[in-house]
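Nothing in this text is a laboratory measurement; each read-out follows from the coordinates by a stated rule. Treat the numbers as computed from the prediction; the structure is a model and nothing was measured. Virtual Cβ from ideal backbone geometry, glycine too; neighbours counted across all protein chains shown.
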Ligand SMILES: [Zn+2]
């Protein structure tokens, strides 16, 4: 049985990984546009990679979805534990 990742700060199991400086090959990206009535223009949360052949990146950061703290080290440790 696989164990979920647990945030060391708030014990939540959901996290988001943000990759910067990516070199992405063969990717499919999705960008969602939401009409902002007050601003009178479309807003976008940015493009999301749905699928890719390979992603090379310079830096990555993991954030807990619940408390938004940096959980990069905890996620790395979790992934190593899952692999081993
Ligand atoms: Zn948390």
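Residue check: residue 45 meets all listed conditions (1) within 16 Å of the ligand (Cβ to nearest atom); (2) touching a strand residue (DSSP E or B) at 6+ places or on another chain (Cβ under 9 Å); (3) without any contact (Cβ under 8 Å) to a residue 60 or more places away in the chain but one, namely (1).
The single condition among (1) surrounded by 12 or more Cβ atoms within 10 Å (Cβ to Cβ); (2) under 16 Å from the mean Cα position of the chain (by Cα); (3) within 16 Å of the ligand (Cβ to nearest atom) that residue 24 does not satisfy is (3).
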